[in-house]
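Here's the structure, in structure tokens; my notes come after.
Each reported figure results from applying straightforward, stated rules to the coordinates on display, with no laboratory input. Keep in mind it's a predicted model, so treat the numbers as computed, not measured. Using ideal geometry, Cβ is built from the backbone for each residue, glycine included, and neighbour counts are taken over all protein chains shown.
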Amino acid sequence: MSYWKANLLILSIILSIWFLVSFGFGIIWSESLDALSIGGFKLGFWFAQQGSIYVFVVLIFVYVNLMNRLDKKFNSKDKD
Amino acid sequence: MNAQLLTFIFVGISFSLYIGIAIWSRAKSTSDFYIADKGVNPIANGMATAADWMSAASFISMAGIISFLGKDGSVYLMGWTGGYVLLALLLAPYLRKFGQYTVPDFIGTRYYSDAARLVAVLCLIFISFTYIAGQMRGVGIVFSRFLEVDIDLGVVIGMAIVFFYAVLGGMKGITYTQVAQYCVLIFAYLVPAIFISILITNNPIPQLGFGGQVSGSSVYLLDKLDQLNIELGFNEYTSNTKSNIDVFFITAALMFGTAGLPHVIVRFFTVPKVSDARKSAGYALIFIALLYTTAPAVSAFARVNFIESVQEVEYEDAPGWFKNWEQIGLIAWKDKNEDGKINYSAGEALEGVKPKFSNSIGVYGEREVTNEPNLQNSNEIYIDRDIMVLANPEIAKLPNWVIALVAAGALAAALSTAAGLLLVISASISHDLMKKTLMPNITEKQELLFARIAAAVAIIVAGLFGIYPPGFVAQVVAFAFGLAASTIFPVLFLGIFYKRLNKEGAIAGMLSGLIVTSGYIIFFKFINPELNSSENWLFGISPEGFGFFGMFINFGVALFVSFIFKAPPKKVYELIDEIRKP
């Protein structure tokens, strides 16, 4: 697989999760998820005001790691 | 020591720190001035990005707005953080690889067209000034409330500080002052939040206290809040009142708008390597998330606190903060049922919403309001949402130094964002307009001088916005994000991911996004504000969310027009191949 194709694959996987936690869990299915709760939070509300943000942070670092590995595999110089 | 003296000391110390940093990091070349000579460590850049991003609106207004909106306020939390994922994955590394000074630089080169560059400059200047007006208002509020300085003088002091480090230091000076400002603002935000969390829920971590039990009882805070809201005639705090489609569109417009904001994008031009740009976006989001996950907790605490400390209280016994903010005109009380007690419930207290004060004093010592009471509800309080964060430490009876700290933090948030915006305005004028379009023969020294003059002029214009605030600031914020999402984001994204897009397509796309989005917003916000309700909106999308719709118009028009005209020249294909390479 070429560098660019691998990159696009990584992008689409991460962006699907990005969409799922925010637009999916935080908005579209938020009310149904509210039937469940963690601590004093209704789950849908938690995703909308807390959870989605935590996942965003994790996603960027997963992306950074995958890309660094990919760069290494294609032996890039990553100079200026 | 009283709060005012402490505030003077805290603000004084933080301002001298910023000036000290500015002197230490003067800009010597255009590369220094525009992009800090690509020498910024990714963690430092993450902090600077966070300070740049978190404005007076994030620091002062956001928690207050969510406090009144409840779950509907989630659009800001997800919208203003989720954009960083898009930025990190779709734009930042490629634009850093491209390696020029400004966002219009990329657009002008990628679409081999000065017209495209100029349209981008126009959008950028409009977006940035919209934003600055809000920062200067924030500076004015803090000065007038905490230092009892005249608002105008407050704005002038703020301008002088920004002038000093932005004009002298350019991007380099701004970056390192922003790092300091981030530390000040996050400390100032977390300290009162932690205190209040302990006070209300016995849990020192606001993010957990938010979902915890109210201290001394087994009732969850959010359940209590739902119940209080319903008793007072509001909607449940944890339920939406807006339609799902509208929430979806607003969130998306804010996310794609964030990713298209020039002053944020340009921060990623300052790091040494492409991989640093990716990492830096991650750090930026951690630093931002620290505030953004605390904010909704603060909103919930503030709402409980606010209701409990004023509801059914005799006005004469009302807490000091209530009367202090009434003096400034951001709280008003009209005793509709003439019982001398403060009654808070759903609905606007006054006809015409905003209070107009006469100079006389009412029966109980309150400032008399000349508005007719709104008799459709029993609410007697007008409260400006912007004051919740600033008033929170006082409402929770925290020590004076915390109040002083919050004032210094709010100023740090406002000044850091204003400086970042001023820089992209000045760079787009001196670099894109002068050097690249009108006067290509100027030397680097002359360009640097133009950049400094442009920054100075922009500061003066921004200051005038602060002193004579245009009445439409709140309305135009939707504009800034809508335009960034519908003009700048699509051309950057397609420019990287779709080689066949030519200049005709890009220009037609930007213009159609611009026209559709601004037309919709102007129609509902300025021409026919009385029609601005969900039954008249297209597909139920509010003007705040319409930028996302405009983005698809932009994509569609750009692709269609591209097919009619001939493919871009070979050197553009080579350029794209180059920026896609690791």
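Mind checking which residues of the stretch B:542-582 are within 14 Å of chain A (Cβ to nearest Cβ) and in a loop (DSSP other than H, G, I, E, B)?
B:Lys581, B:Pro582 - these are the residues of the stretch B:542-582 that are within 14 Å of chain A (Cβ to nearest Cβ) and in a loop (DSSP other than H, G, I, E, B).
Per-residue answers, yes or no, for (1) in contact (Cβ under 8 Å) with a residue 24 or more places away in the chain; (2) outside any loop (DSSP other than H, G, I, E, B); (3) of a type in the set (Asp, Glu); (4) surrounded by 24 or more Cβ atoms within 10 Å (Cβ to Cβ):
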| position | (1), (2), (3), (4) |
| --- | --- |
| B:Phe489 | yes, yes, no, yes |
| B:Phe493 | yes, yes, no, no |
| B:Leu501 | yes, no, no, yes |
| B:Leu514 | yes, yes, no, no |
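For the stretch B:50-104: of the residues being hydroxyl-bearing (Ser, Thr, Tyr) and in contact with a Phe, Trp or Tyr (Cβ under 6 Å, 6 or more places away or on another chain), which is nearest to the other protein chains (Cβ to nearest Cβ)?
So the residue we want is B:Thr81.
Taking the stretch B:316-334 as the region of interest, how many residues are touching a strand residue (DSSP E or B) at 6+ places or on another chain (Cβ under 8 Å) and acidic (Asp, Glu)?
Count: 1.
Let's see how each residue does on (1) under 20 Å from B:Ile125 (Cβ atoms); (2) surrounded by fewer than 23 Cβ atoms within 10 Å (Cβ to Cβ); (3) among the polar types (S, T, N, Q); (4) in contact with a helix residue (DSSP H, G or I) (Cβ under 6 Å, 6 or more places away or on another chain):
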position: B:Leu398; (1), (2), (3), (4): no, yes, no, yes
position: B:Ile403; (1), (2), (3), (4): no, no, no, yes
position: B:Gly409; (1), (2), (3), (4): no, no, no, yes
position: B:Thr417; (1), (2), (3), (4): yes, no, yes, yes
position: B:Ile425; (1), (2), (3), (4): yes, no, no, yes
position: B:His431; (1), (2), (3), (4): yes, no, no, no
position: B:Met434; (1), (2), (3), (4): yes, yes, no, yes
position: B:Glu444; (1), (2), (3), (4): no, yes, no, yes
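Just checking, does the stretch A:37-52 include any residue being surrounded by fewer than 16 Cβ atoms within 10 Å (Cβ to Cβ), more than 7 Å from chain B (Cβ to nearest Cβ) and in a helix (DSSP H, G or I)?
No, because not a single residue in the stretch A:37-52 is surrounded by fewer than 16 Cβ atoms within 10 Å (Cβ to Cβ), more than 7 Å from chain B (Cβ to nearest Cβ) and in a helix (DSSP H, G or I).
Answer yes or no: is there a residue in the stretch B:187-198 that is closer than 30 Å to B:Ala454 by Cα, under 24 Å from the mean Cα position of the chain (by Cα) and touching a residue at least 24 places away in the same chain (Cβ under 8 Å).
Taking every residue of the stretch B:187-198 in turn, none turns out to be closer than 30 Å to B:Ala454 by Cα, under 24 Å from the mean Cα position of the chain (by Cα) and touching a residue at least 24 places away in the same chain (Cβ under 8 Å).
Would you call A:Val64 more than 24 Å from B:Asn244 (Cβ to Cβ), assigned to a helix (DSSP H, G or I), of a type outside the set (Lys, Arg) and facing chain B (nearest Cβ under 7 Å)?
Taking the combined requirement at face value, the residue satisfies it.
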